[in-house]
């Protein structure tokens with residue numbers, strides 16, 4: 001069990017202020033894991049910082065979106081024989097001290113996909129009101145299509161085993177992938193669960209989501225899931 | 001009825017359109033698989049300019065009040081279909097492009113790792 005190969009994937013886009021701290025945090029919380037930074041065409045010194053820290057680095061030739069960035073990491077993990085892949089955002093809102101509990105259900109074979117939810121514990125940063133409403137909406141959507149209660153479906157703090165990796169290497173949306181990934185995991189018969197975590201407000205950089213893109217997020221995911229549910233399965 | 005001058009103008013226009021299409025194919029600016037629909041369109045234009053009565057008959061049959069309405073209707077319908085087709089092509093290309101970029105990224109990493117393990121300079 002202890003010999004499982006673990007890869008922590010950090011998708012980054014202009015995260016020079018926070019990346020070093022995130023890497024240090026992961027090293028102290030989960031020292032046996034390899035760390036992979038996937039740089040999605042940053043225009044600041046993010047890539048340089050990653051190389052200085054001596055972690056694995058993949059550089060996208062241009063900005064391809066968070067979904068494609070994670071998928072590049074998944075492909076690397078699958079092809080290099082990792083048993084577990086973890087996503088930790090580069091902006092510092094995910095606490096690395098939760099990493100061991102995030103992968104515990106994977107080690108025991110209890111789940112294929114584990115999501116860190118900020119709504120199962122008191123304390124920490126809970127997000128703003130409009131964002132909370134959006135998250136409620138997605139929870140409802142996930143409940144409709146899977147019958148499962150997920151309190152934080154947009155959380156990017158998640159870990160998966162090889163089955164999850166295989167699925168997400170095959171299909172992973174290019175933008176706003178988190179909610180759709182849950183549905184496709186459910187449709188492929190994978191088991192997912194949440195564990196309680198606390199999150200911080202972002203330490204640097206700007207949120208990637210404004211009002212218009214929030215609207216696009218909701219419409220796009222709803223459309224994609226609805227049509228996906230009647231799509232012919234390969 | 002359409003005047004002879006307008007008729008001539010339509011015929012010349014159609015011929016120019018067809019020639020431009022053929023030239024684009026000859027220079028390989030337009031792939032054959034995407035050119036078929038344009039060749040058909042150009043030929044149709046030419047046919048309708050030579051035999052305007054066909055347009056009149058179609059328009060009458062479908063109940064358009066004037067033939068130019070029928071022409072506009074089919075023109076817009078055709079353009080919508082073309083644009084839809086282009087969106088499909090763009091979507092397909094962007095998926096292929098993503099896969100290609102990801103493969104390049106992973107290959108570059110492998111090459112760098114191999115070079116490091118072989119100890120070759122840079």
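The values are calculated or read from the model by the stated rules, or taken from the named source; none is laboratory data. All of these numbers come straight from a predicted model, not from anything done at the bench. Positions of Cβ are backbone-derived with ideal geometry, glycine not excepted, and every protein chain shown enters the neighbour counts.
When A:137, A:168 are checked against the criterion of being at pLDDT 95 or above and touching a helix residue (DSSP H, G or I) at 6+ places or on another chain (Cβ under 7 Å), A:168 stands alone in meeting it. Exactly one residue out of A:106, A:141 is assigned to a helix (DSSP H, G or I), crowded, with 23+ Cβ neighbours inside 10 Å, touching a residue at least 24 places away in the same chain (Cβ under 8 Å) and away from every other protein chain (no Cβ under 14 Å), and it is A:106.
Would you check if residue A:150 is touching a strand residue (DSSP E or B) at 6+ places or on another chain (Cβ under 9 Å) and either within 14 Å of chain B (Cβ to nearest Cβ) or in contact (Cβ under 8 Å) with a residue 24 or more places away in the chain (or both)? Criteria met by residue A:150.
The residues on offer are A:113, A:120, and the sole one that is loosely packed, with under 15 Cβ neighbours inside 10 Å and in contact (Cβ under 8 Å) with a residue 60 or more places away in the chain is A:120. When A:56, A:78, A:99 are checked against the criterion of being at pLDDT 95 or above, within 9 Å of another protein chain (Cβ to nearest Cβ) and in contact with a strand residue (DSSP E or B) (Cβ under 9 Å, 6 or more places away or on another chain), A:56 stands alone in meeting it. Confirm whether residue A:74 is surrounded by fewer than 20 Cβ atoms within 10 Å (Cβ to Cβ) and farther than 18 Å from residue A:23 by Cα. Taking the combined requirement at face value, the residue does not satisfy it.
A count restricted to the stretch A:24-39 and to residues that are surrounded by fewer than 23 Cβ atoms within 10 Å (Cβ to Cβ) and under 27 Å from residue A:62 (Cα atoms) stands at 4.
Of the residues that make up the stretch A:16-34, is at least one touching a residue at least 12 places away in the same chain (Cβ under 8 Å) and within 14 Å of another protein chain (Cβ to nearest Cβ)? Scanning the stretch A:16-34, I find at least one residue that is touching a residue at least 12 places away in the same chain (Cβ under 8 Å) and within 14 Å of another protein chain (Cβ to nearest Cβ), so the answer is yes.
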